[in-house]
1. Considering only residues that are part of a loop (DSSP other than H, G, I, E, B) and out of contact with any helix residue (DSSP H, G or I) (no Cβ under 7 Å at 6 or more places or on another chain), look in the stretch 13-56 and name the one that is nearest to LEU95 (Cα to Cα).
2. For the stretch 140-162, what are the residues that are assigned to a loop (DSSP other than H, G, I, E, B), over 14 Å from the mean Cα position of the chain (by Cα) and not aliphatic (A, V, I, L, M)?
3. Please find, among ILE75, ILE29, ILE84, the residue that is more than 24 Å from GLN142 (Cα to Cα) and of a type in the set (Val, Ile, Thr).
4. Residues of the stretch 28-51 being exposed (fewer than 11 other Cβ atoms within 10 Å of the Cβ) and either at positive phi or of a type in the set (Gly, Ala, Ser) (or both), which ones?
5. Can you find a residue in the stretch 86-97 that is closer than 30 Å to ILE178 by Cα, modelled with pLDDT under 90 and either assigned to a loop (DSSP other than H, G, I, E, B) or small (Gly, Ala, Ser) (or both)?
6. Counting only residues that are within 23 Å of the chain's Cα centre (by Cα) and either surrounded by 15 or more Cβ atoms within 10 Å (Cβ to Cβ) or among the acidic types (Asp, Glu) (or both), how many does the stretch 60-85 have?
7. Tell me the residue from THR44, THR89, THR103 that is among the hydroxyl-bearing types (Ser, Thr, Tyr) and closer than 15 Å to GLU8 by Cβ, please.
Amino acid sequence: MSSDLKLEAETGRTLGSGSSRRLRRSNKIPAIVYGQDSDPISVTLDRLKFRAALNAAGPNAVITLDVDGTDHLTIVKNMQRDPIANRVTHVDFMLINLDQRLTVDVPISLVGLAVIVDLEGAVVQQQMMTLTVEAPAGNIPQLFEADISELSIDNPIRVSDLEMGSGVVPQVEDDALIAIGQRSRAAVAAEDEEGDELEEGEEGEEGEELDAEASDSAEQAGDDAGDDS
């Protein structure tokens, strides 16, 4: 069985940094194919076709790599990028079979409107951007969608709220937090300021009551003195 995603790769490239730079200038990407106790194969990819494949299927997609006419079932294990241009500079493909279990990082996307969080004067904070899972190579999730429609300060979104799919096992605890509702610093500061004003108001009322009691006591003392005279 092969994947629906197919990508051509050519062998015969000259190894070395100089040769790799020339390939990149001609819109090619140097890559290597390894795994399953076979010798590593140095190959060359067309940059535009590789980018189109990843955009269509995601970074964890199973790819049938056509190496000089021979098909190899692979997954992208690692991509190196230029730190300035953010262009892919090298790709590692790992040979697999579809029954093999792999450990991969899957992106998490928040979907829905957090209406309750807004009413609570809070903001949504995503605690986990990717989730590490173990899954069959033929059933690796490309993306987890976390619905935040019912999210509130007291009701966060956890790993257990995600739909995993058949054979997919998260590598963290089920109660690990994905997204929470948290009051902003401005909202907390405003509440603290309001609390301080209330406390000051209560202190003022207590002071007025004490002054009134003192005044009443003084008047009573004066009346008593007048009675004695």
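1. Step one: list which residues in the stretch 13-56 are part of a loop (DSSP other than H, G, I, E, B), which gives 13-16, 26-27, 36-37.
Of the ones still in play, those that are also out of contact with any helix residue (DSSP H, G or I) (no Cβ under 7 Å at 6 or more places or on another chain) are 14-16, 26, 36-37.
Working: THR14: 22, LEU15: 21, GLY16: 23, SER26: 27, GLN36: 6, ASP37: 9 Å.
In this case the residue turns out to be GLN36.
2. Looking only at the stretch 140-162, we keep the residues that are assigned to a loop (DSSP other than H, G, I, E, B), and these are 140-143, 148-151, 153-154, 156, 162.
Filter once more, keeping what is over 14 Å from the mean Cα position of the chain (by Cα): 140-141, 149-151, 153-154, 156.
Correct list: PRO141, SER149, GLU150, ASP154, PRO156.
3. Details: ILE75 fails: more than 24 Å from GLN142 (Cα to Cα); ILE29 fails: more than 24 Å from GLN142 (Cα to Cα).
Within the list ILE75, ILE29, ILE84, the selection yields ILE84.
4. Those that are exposed (fewer than 11 other Cβ atoms within 10 Å of the Cβ) and either at positive phi or of a type in the set (Gly, Ala, Ser) (or both): ASP37, SER38.
5. Yes; the residues of the stretch 86-97 include at least one that is closer than 30 Å to ILE178 by Cα, modelled with pLDDT under 90 and either assigned to a loop (DSSP other than H, G, I, E, B) or small (Gly, Ala, Ser) (or both).
6. Here the count works out to 8.
7. Details: THR89 fails: closer than 15 Å to GLU8 by Cβ; THR103 fails: closer than 15 Å to GLU8 by Cβ.
Going through THR44, THR89, THR103 in turn, the sole match is THR44.
Okay, residues lined up against (1) over 30 Å from LEU102 (Cβ atoms); (2) at pLDDT 90 or above; (3) of a type in the set (Val, Ile, Thr); (4) in a strand (DSSP E or B):
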site: LEU131; (1), (2), (3), (4): no, yes, no, yes
site: GLU134; (1), (2), (3), (4): no, yes, no, yes
site: GLY138; (1), (2), (3), (4): no, no, no, no
site: ASP174; (1), (2), (3), (4): no, yes, no, no
site: ALA189; (1), (2), (3), (4): yes, no, no, no
site: GLU199; (1), (2), (3), (4): yes, no, no, no
site: GLU206; (1), (2), (3), (4): yes, no, no, no
site: GLU213; (1), (2), (3), (4): yes, no, no, no
site: GLN220; (1), (2), (3), (4): yes, no, no, no
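The values are calculated or read from the model by the stated rules, or taken from the named source; none is laboratory data. Predicted, not measured: the structure shown is a model, and the values here were computed from it. Neighbour counts run over all protein chains shown; Cβ positions are idealised from the backbone, glycine included.
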